[in-house]
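One structure is given here, and the rest of the page talks about it.
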Amino acid sequence: MDLFDRIRENAGPLGKYADVAEGYYIFPKLEGDIANRMIFNGKEVIVWSVNNYLGLANHPEVRAVDAAAGADWGMAYPMGSRMMSGNTNYHCELEDKLAAFVDKPAGLLVNFGYQAMTSSIDALLSRKDVVVYDAECHACIVDGVRMHLGHRFAFDHNDMASLEKNLRRAQALVEKSGGGILVISEGVFGMGGEQGDLKGIIKLREKYSFRLLVDDAHGFGTLGATGAGAGEEQGVQDEIDVYFSTFAKSMAGIGAFFAGEPDIMQYLKYNMRSQIFAKSLPMPFVIGGLKRLELLKTHPELKDRLWTIATALQDGLRDRGFNLGHTTSCVTPVVLKGSVDEATQMVNDLRNNYGIFCSIVVYPVIPKGMIILRLIPTAVHTLEDVEVTLNAFSEVADKLSAGTYSEGGFAEARIA
Ligand SMILES: Cc1ncc(COP(=O)(O)O)c(C=O)c1O
């Protein structure tokens, strides 16, 4: 069969909805400055879909530094991978400061979170090693684990009994192979908002020997007394062997970093294929990163403001009887019952008639019959945004239970 014929027949789990959903549910275009309110389909909406946790994306000091760095350096410099010709003092300064911020002795600045996470797993593991990872880890971890040539076990999400069972299996294997064990979790799981049970994982060190890699994309900047993330929040930052976060959320930028022991960072620096064979981060991202980190350190009120909004939103939703699952972070999932068709019509109603833009998660990502509307509060939302949203949610939830959305299908739900 011709490869392209097969692709044209089966566009993939999301791609098959492109005709009716693209531009609205999938690949929507949000216009205007990144803020609490943006423009969607020509109308103002309150946006709860952007991980601009601390509001840095459009912070005036950040915008000024980004623009000046663009003017001073352009978008190309430095050329080449850091290893070959793309390293600068600024790259080194940023990784040192990031490591200090998360209380680790050394750091490593990398290009993009996804590719860096994937290839760090590849670099850390040999065929003899066993990787044990949370079943709900982000795709970048799953893809990294896929590259591993040795044994890999997924433990049930945040389930310490399941982790222990898998550690027992892993231990039996490494006793024979002479390898080691790497456990991987997230600091905060981005869909449900629950923190990874880092304390529980570390407790298992009393019985099993392993190293711990934590992807703290949603915890960095939002959790812990200083914003150092889920490890700080749970009092176990010291026990995280390899700390990772992307700049795609609290830092409102591009890039990512690892932090840990100096010799391990050095090893990653020399062995991560995604970095050795890819271009280094351009200067505006690095200089802009330094500015963002400075604001994280010097303006704790941004995190306080984020939590004021997150708490008002989560308390308000709970008071109105909504089920927020198990969130222990700013990520706010609203769990409802309904079909995919109902979910799409409800989101359509929210966006079009109530001016609320949030993300929707449905089957097959979650079980059939469940709908999750996911809201991401930020420091730039207002209490008025929260109030408007709470009222809208009450109304659409009433319509959902009254069956208002039960007629009509996916195509009908689309706004042309
Ligand atoms: C948990 C997690 N890890 C990694 C990434 C990928 O990071 P990046 O966007 O820098 O590639 C994301 C998304 O941004 C994420 O949510």
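Two-decimal Rg/Rh of region 159-264 from alpha-carbon positions, Kirkwood Rh? My calculation of the ratio gives 1.00. Model label sites at ILE39 and ARG320, defined 7 Å from Cα along the beta-carbon direction, differ in position by 2.8 nm.
Across the chain, the mean sequence separation of Cα contacts (distance under 8 Å, 6 or more residues apart), normalised by length, yields a relative contact order of 21 percent. As a proxy for reagent exposure, CYS92, CYS140 were ordered by neighbouring Cβ count within 10 angstrom, fewest first; the result is CYS92, CYS140. Which of rounded, prolate or oblate describes region 19-162 when judged by the alpha-carbon gyration tensor and an a/c cut-off of 1.5? Oblate is the answer for region 19-162, as a/c is 1.5 or above yet b/c matches or exceeds a/b. Ellipsoid fit via the Cα gyration tensor, the chain: semi-axes of 35, 27, 23 Å, each the root of five times an eigenvalue, largest first. With neighbours defined as other Cβ atoms within 10 Å of a residue's Cβ, the residues ASP197, ASP315 order from fewest to most as ASP315, ASP197. In region 149-193, the convex hull through the Cα atoms has an average projected area of 3.7 nm², a quarter of its surface area. Computed over region 105-161, relative contact order equals 38 percent, with contacts defined as Cα pairs under 8 Å that lie 6+ residues apart. Here region 312-415 is treated with +1 on each Lys and Arg Cβ and -1 on each Asp and Glu Cβ, and its dipole about the Cα centre works out to around 360 debye. Only the Cβ atoms of Lys and Arg (+1) and of Asp and Glu (-1) were treated as charged; on that basis the dipole of the chain about its Cα centre amounts to roughly 960 debye. Can you tell me what share of the DSSP beta bridges in the chain is antiparallel? A percent to the nearest 5 is fine. Expressed as a percentage, antiparallel bridges in the chain total about 60. How big is the equivalent ellipsoid of region 78-281 along its three axes, where each semi-axis is √(5λ) from the Cα gyration tensor, reported in whole Å from largest to smallest? Equivalent ellipsoid semi-axes, largest first: 26, 20, 14 Å. Once divided by 2.2 N^0.38 Å, the Cα radius of gyration of region 247-286 becomes 1.30. For region 78-281, a simple Cβ point-charge model (Lys and Arg +1, Asp and Glu -1, everything else neutral) yields a dipole of about 760 debye relative to the Cα centre.
Across all directions, the average flat footprint of the convex hull enclosing the Cα atoms of region 280-416 is 11.1 nm². Between LEU149 and ARG273, the contour length at 0.36 nm per residue exceeds the alpha carbon distance by 43.1 nm. Sequentially through region 25-38, phi angles give Karplus couplings (6.51, -1.76, 1.60; θ = phi - 60°) of 8, 10, 6, x, 10, 9, 10, x, 4, 6, 7, 5, 10, 9 Hz, Gly and Pro residues having no value and appearing as x. Of the DSSP H helices in the chain, those that are both long (alpha-carbon extent of 15 Å or more along the helix axis) and hydrophobic (Kyte-Doolittle mean at least -0.5) are 60-73, 89-101, 113-124, 283-298, 383-402.
Across region 6-56, counting alpha-carbon atoms alone, Rg and Dmax equal 14.7, 44 Å. DSSP finds beta bridges in region 78-281, and of those with both partners inside it, around 40 percent are antiparallel. Taking label positions 7 Å along the Cα-Cβ direction at both GLN266 and SER126, the computed distance is 1.9 nm, reported to one decimal. If a paramagnetic tag sat 7 Å from the Cα of THR328 along the Cα-Cβ line, which residues of region 163-204 would have the backbone N under 20 Å from that point? Within reach of a label on THR328, which here means backbone N under 20 Å from a point 7 Å along Cα→Cβ, region 163-204 contributes 163-165, 183-204. With a threshold of 18 Å on the Cα-Cα distance, the over-threshold entries among LYS165/LYS207; LYS165/LYS203; LYS337/LYS399; LYS128/LYS176; LYS97/LYS297; LYS104/LYS291 are LYS104/LYS291. Of the peptides 177-184, 229-236, 349-356, 71-78, the order by per-residue mean of other Cβ atoms within 10 Å, starting with the highest, comes out as 229-236, 177-184, 349-356, 71-78.
Residues within the reach of a label modelled at SER209 (point 7 angstrom out along Cα to beta-carbon, backbone nitrogen below 17 Å), restricted to region 165-193, are 167-183. Counting neighbouring Cβ atoms within 10 Å and putting the fewest first, the residues THR308, THR327 line up as THR308, THR327.
Where a number appears in this text, it was derived from the coordinates with a stated rule and is not lab data. Worth saying up front: this structure is predicted, and the values here are computed from it rather than measured. No Cβ is skipped: glycine too gets one built from the backbone with ideal geometry, and neighbour counts run over all protein chains shown.
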